[in-house]
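The structure under discussion is supplied below as structure tokens; questions concerning it will follow.
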Amino acid sequence: MRVVLAGTRGFGAHYLDRLRGLTDMVELVGVCDTSPPEPGALDGLGEPEFATDLADLIKRTGARIAILATPIPTHAELTLAALGAGAHVLVEKPTAATLADFDRMRRAAAEAGLACQVGFQSLASAAIPAVRELVASGAIGRVTGIGAVGSWPRPASYFTRSAWAGRRRLDGVDVVDGALTNPFAHAVATALAVAGAEERDAVVSVETELFHANAIESDDTSAIRVTTADGTPIVAAVTLCAADRDEPYVVVHGERGRIRFTYTTDEVRLNDEPARRFPRADLLVNLVEHVRSGAGLLVPIARTGAFMRVMEAIRVAPDPLPIAAAHQDRSGEGVVLPGIAGVVEACAERLALFSEVGVSWAVPLVVAGGAAGGVASEVVAEYVTRPDLPLTESPRPYLHPVRTLGGTVVTEVRPDDHPHHLGAGVAVTDLGGRNFWGGRTYVRDHGPAWLDDHGVQRHVAFAGRDGSGFAETLLWQRPGEDPLVREERTVRAVALSRGWALRFGFRLHNLTDAPLTVRSSATKGRAGAGYGGFFWRAPAGSPELRVYSPAAEGEQGVHGSRAPWLALSSRAWTLVFAQEDDPWFVRVAEYPGVGTALAWDTPLTFEDVLAREVTVVVADGRLPAGDVAALVAEATG
């Protein structure tokens, strides 16, 4: 069978090696590339003709098959050219850069009556039907979900190996290179195949969380959740920033067990039984047999339709977000995210995205350049949605670390003096008789006491999210009880002429059939302890703290006051808090913290909705007092 190869470098060199082992079946009659092959690249393959025009090469050589091992954005046009010249096609994965290109390729193959096979080698494994048979037999009971895991290291040179490497677009053309769409495309396609969800309409929705630690445009650490037409959730979590290489795998979760399929080695393990290894067919050999005798194609282009729906969702998703340098180890050849292998495994085990397993870098706030110009984009804050905390600390989402543009951290979590202080967020000592602050509850005429009354703020979902902020839904409830409120929280970072501003809003919707009351310790008899609302815990030990408002100076002067803004500063940083609804709760001598006091000295009762907004200016150094009002106006305008 006469074949031509487009692309002799990169993965094309792998095809040249395979062709050397198939000389009794195929003859390489031509190679197509933008420049001649490297010296010695064609050794043992005769004297194939070289050309830069694929269609002309096919016609001149009479090739029956064209193998395409070229960059992702060239797949569609080269496939159409090869089909138009009368050749069957084996195109390397991923099928195409866009869903529209996939549709064009599929139609062209059907109209030409020619085969188009896609190079997802894992889909040629006999392990996939074996896994499906195990599921169908009831070996693990009802399937509850499928996870896919990939954890590989990559040197910095990997992302500079070609012009398109690490790019989502190049010269206005979609490239869609990335961890999920290129090196771990097999993980996604294999998980879909195991689920029996391979056709274009088998995918209902795709949620994406795309990140990069390397200085690239595309993703190197990402997670997706695919919902199939039959409702099965598939979560794929992968990284190219691991310390070591682990073999990627797909895990099928059932009510009575699990199946683990290591697709690179074709090994299948049912629960704790010994793994079984299955054979894998060669896709080029299969295509030759199809052309010769009509053997069924193993990976016809239609079988990659569901994968292309996922590819399209990644293509149109917001650009990947940066992972802050504080989480990276750059001491070796490539960027390493310590512990990332465990994180991607946790995602596959729990069928959860990064933001749902409690890693703070998964919900970053990015300031995309200073308002005055000259400031690069910076990750200025991270948000933890599901902290792993004891119930006595009233677990709740929080912002930490929050940083100045210069990188100084201005929040603190679980300090020794108050382990229930969690960065910046919302905390209330008593809502409807439940403690959403953490620690002891103040009891009138008794004092602080450990009560079995702690509640949890539970992250439900993000209603909207981009690099500069998010809208989130939460439920406030004590475990085992009905929720008291549904919170709609909005958080956004904006650049200022100096520093940046955090805009934080929350709306508590009463879910009970009666009015709800907010109480502070002060309303129960502890004078001055009106805390409860938005609260910011600053770092203990910050030098030379100063606190002031437009009308007062010092902790005693501003504590309990009503002022449009309040500034807390040290030598290294300044925080300016602005809001108009509540008195300020302030601590400096005991620990540095600022909050709003929803119930300063009187309980606050609401029927339907309680809403508040706070803006916080975050700046490096100690701001001159005369500059504060102007920055507040800029931040709140």
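Which three lengths, in whole Å and largest first, does segment 35-96 cover when its Cα atoms are put on their principal axes?
30, 23, 17 Å, listed from the longest principal axis down.
Report the percentage of all Cα-Cα pairs in segment 363-506 whose separation exceeds 17 Å, rounded to a whole percent.
Value for segment 363-506 (Cα pairs over 17 Å): 62 percent.
Strictly greater than 28 Å: what percent of every Cα pair in segment 41-191 meets that? Before the final figure, lay out each step's value.
Details: 3989 of 11325 pairs.
Of all Cα-Cα pairs in segment 41-191, 35 percent lie more than 28 Å apart.
Taking the alpha-carbon centroid of each part, what is the distance from segment 490-507 to segment 572-608 in angstrom?
Taking the Cα centre of segment 572-608 as reference, the centre of segment 490-507 is 17 Å away.
Related question: Multiplying the sequence separation of residue 571 and residue 34 by 0.36 nm and subtracting their Cα-Cα distance, what value in nm do you get?
Answer, rounded to one decimal: 187.4 nm.
Any chance you could check the Cα centroid distance between segment 171-242 and segment 263-305 for me, in angstrom?
Using only Cα atoms to place each centre, the spacing works out to 21 Å.
Now a separate question. Which of rounded, prolate or oblate describes segment 484-547 when judged by the alpha-carbon gyration tensor and an a/c cut-off of 1.5?
Oblate shape, in that a/c is at least 1.5 and b/c is the bigger or equal ratio.
Write down, largest first, the equivalent ellipsoid semi-axes of the chain in whole Å, where each equals the square root of 5 times an eigenvalue of the alpha-carbon gyration tensor.
Output for the chain: semi-axes of 57, 27, 19 Å.
Taking only protein heavy atoms and a 1.4 Å probe, what accessible area per residue, in Å², does segment 248-331 have with all protein chains in place?
Result: 46 Å² per residue.
With labels modelled as points extended 7 Å from the Cα through the Cβ direction, what inter-label distance (nm, one decimal) is found for residue 388 paired with residue 215?
Going by the 7 Å Cα→Cβ label model, 3.4 nm.
From the convex hull of the Cα coordinates of segment 146-251, what is the mean projected area in square nanometres?
Numbers: hull surface 27.6 nm².
Taking the Cα atoms of segment 146-251, their convex hull projects to 6.9 nm² on average.
Quick one: helix 75-84 against the long Cα principal axis of the chain, what's the angle to the nearest 10°, folded into 0 to 90?
Once rounded, the angle reads 20 degrees.
What is the chain's relative contact order, in percent, from Cα pairs under 8 angstrom and six or more apart in sequence?
9
Restricting things to Cα coordinates, could you compute the convex hull volume per residue of segment 370-455 in Å³?
126
Modelling each spin label as a point 7 Å along the Cα-to-Cβ direction, I'd like the residue 230/residue 246 distance in nm, to one decimal.
2.8
In debye, nearest 20, what is the charge dipole magnitude of the chain about its Cα centre with +1 on Lys and Arg Cβ and -1 on Asp and Glu Cβ, if you could check? Please list the in-between numbers first.
Numbers: 60 positive and 77 negative charges, 63 e Å.
Here the size comes out at about 300 debye.
First check a/c for segment 63-114, with a ≥ b ≥ c the square roots of the eigenvalues of its C-alpha gyration tensor; if it is under 1.5, answer rounded, and if not, answer prolate when a/b is larger than b/c or oblate otherwise.
It comes out oblate by the Cα gyration axes.
Give the Cα extents of segment 494-637 along the principal axes, in whole Å, largest first.
That works out to 48, 32, 25 Å along the principal axes.
What is the percent carbon and sulfur in the accessible area of the chain, measuring with a 1.4 Å probe over the protein chains and ignoring ligands? If you can, show how the numbers build up before the last one.
Numbers: 11960 of 24410 Å².
Of the solvent-accessible surface of the chain, carbon and sulfur hold 49 percent.
I need the fraction of alpha carbon pairs in segment 272-361 separated by more than 19 Å, rounded to a whole percent.
69
Top to bottom by accessible area (1.4 Å), largest first, where do 43, 266 land?
The most accessible residue leads, giving 43, 266.
Expressed as a rounded percentage, what relative contact order does segment 361-504 have, with Cα pairs under 8 Å and six or more residues apart?
21
Against the empirical 2.2 N^0.38 Å scaling, what ratio does the C-alpha Rg of segment 311-393 come to?
Working it through for segment 311-393, the quotient is 1.31.
With the Cα gyration tensor of segment 182-309 in hand, convert its eigenvalues to equivalent ellipsoid semi-axes via √(5λ) and list them largest first in whole Å. If you can, show how the numbers build up before the last one.
Values: eigenvalues 126, 80, 64 Å².
Equivalent ellipsoid of segment 182-309: 25, 20, 18 Å, largest first.
Be a star and scan segment 286-329 for residues whose amide nitrogen sits under 19 Å from the point 7 Å along the Cα-to-Cβ vector of residue 200.
Output list for this probe position: 299-316.
Any idea of the accessible area per residue across segment 147-194, 1.4 Å probe, to the nearest Å²? Kindly include the intermediate steps, with their values, before the conclusion.
Details: 1430 Å² over 48 residues.
It amounts to 30 Å² per residue over segment 147-194.
Relative to the present Cα-Cα distance, how much length would full extension add between residue 281 and residue 52 at 0.36 nm per residue of separation? Can you show the working numbers first?
On the way: separation 229, 0.36 × 229 = 82.44 nm, distance 3.10 nm.
79.3 nm is the gain from fully extending residue 281 to residue 52.
Grab the eigenvalues of the alpha-carbon gyration tensor for segment 1-115, scale each by 5, take roots, and send me the semi-axes largest first in whole angstrom. Don't skip to the end; give the middle numbers.
Details: eigenvalues 101, 45, 29 Å².
Listed largest to smallest, the semi-axes of segment 1-115 are 22, 15, 12 Å.
Could you list, bin by bin from short to long, the percent of Cα-Cα pairs of segment 92-163 in 5 Å steps?
Spelled out bin by bin, segment 92-163 gives 3, 10, 11, 14, 15, 15, 15, 11, 4, 1 percent.
The values are calculated or read from the model by the stated rules, or taken from the named source; none is laboratory data. It should be emphasised that the depicted structure is a prediction, and the values quoted were computed from it without experimental measurement. Note: ideal-geometry Cβ built from the backbone for every residue, glycine included; neighbour counts use all protein chains shown. Side chains are part of the model used for accessible areas, which takes the heavy atoms of the whole protein and leaves out ligands, DNA and RNA. Shrake-Rupley method; radii C 1.70, N 1.55, O 1.52, S 1.80 Å.
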